Amino acid sequence: MSKKIVVAIDGPAGAGKSTVARRLAQRLGFLYIDTGAMYRAVALWALRNGTDFDDVHRLEQLACAAQVSLENGGRRVLLNGEDVSSAIRTQEISDGASKVSTVAGVRRALVEKQRQMAAEQSVVMEGRDIGTIVFPNADIKVYLDASVAVRAERRLKELFSRGIETTREEVEKEIRERDERDRTRAASPLMQAPDAVYLDSSGLSIEEVEEAILKLIRERTANGKEFSR
Ligand code: DC
């Protein structure tokens, strides 16, 4: 029987999780799962059909019914068959996703989907609760962090590259608000799992972060390959 490997990467927004997780998955031939995209897709659906973010029952229904698929190495996100890859990356949806992700019923529904996605193959999954809730027995757990200033700088660059004009102050404010909400919510708050390796990416390049995690994976598995038991 072949053992499936789970690499769990958690951390705050802008720590570099998505870029690094996608590159690692590509390098190892694992499936990349961006769980934030799933919360974003539910927020988009709720906004489009006028669901109040306080209506927790309706939000849970939407999360249960949502068919979210991640294609093309996580670059394409489909919600009920529609390509929403760009629509879920707006500031409004960042804020909405942070709000819907506080709803316990929404989390239950999406965690279930995340576990199903990883049932068949080895994965690199990134989010806020992967090492703590979704896969507490993950083979490799990393908590990827960076200073608010560095995270704001990265976000600013990303927004400018997409033609979105904003200020550093605005981006820092948004990051601090999201951090606060993600860390203090009652349901699965963002936190480092006790057995996760803490990595601060502030002074590191993407390549350096990738190499550090790859080294961990190699140490703890048969060179990152699925192995027989
Ligand atoms: O990683 P991201 O910025 O795309 O995530 C969007 C929001 O979803 C973020 O504010 C926190 C939430 N989220 C979560 O609560 N749990 C996850 N596993 C992933 C994201």
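Readers should treat all values here as calculations from the given coordinates under stated rules, not as data from a laboratory. The model shown is predicted, which means the values in this text are computed figures rather than measured ones. When we count neighbours, we look across all protein chains shown, and the Cβ atoms used for this are built from the backbone with ideal geometry, even at glycine.
Using every pair of alpha-carbon atoms in the chain, split the distances into 10 Å bins beginning at 0 and state the percent of pairs per bin, rounded to integers. Histogramming the chain at 10 Å steps yields 8, 33, 38, 18, 2, 0 percent.
Quick one: which of K99/K173; K17/K215; K99/K141 span more than 18 angstrom between C-alpha atoms?
In this structure, K99/K141 lie more than 18 Å apart at Cα.
Sequence-distant contacts, meaning Cα pairs under 8 Å at least 6 residues apart, place the relative contact order of segment 1-134 at 44 percent. Based on Cα contacts under 8 Å between residues 6+ apart, segment 52-202 shows a relative contact order of 24 percent. For segment 16-102, the orientation-averaged shadow of the C-alpha convex hull comes to 5.7 nm² (one quarter of the hull surface).
Computed over the chain with a Gaussian network model linking Cα atoms closer than 10 Å, the most mobile of N137, N80, N49 is N49. Using the Cβ-Cβ distance between D200 and L159 with R0 set to 25 Å, the FRET efficiency works out to roughly 0.60. With only Cα atoms counted, segment 53-148 has Rg and Dmax values of 14.2, 37 Å.
A DSSP coil position with no more than 12 other Cβ atoms inside 10 Å describes the following chymotrypsin sites (Phe, Trp or Tyr not before Pro) in segment 146-229: F227. Among M191, I5, I93, flag the residue with its Cα farthest along the positive direction of the charge dipole of the chain, charges on Cβ as +1 for Lys/Arg and -1 for Asp/Glu. Of the options given, the answer is I5.
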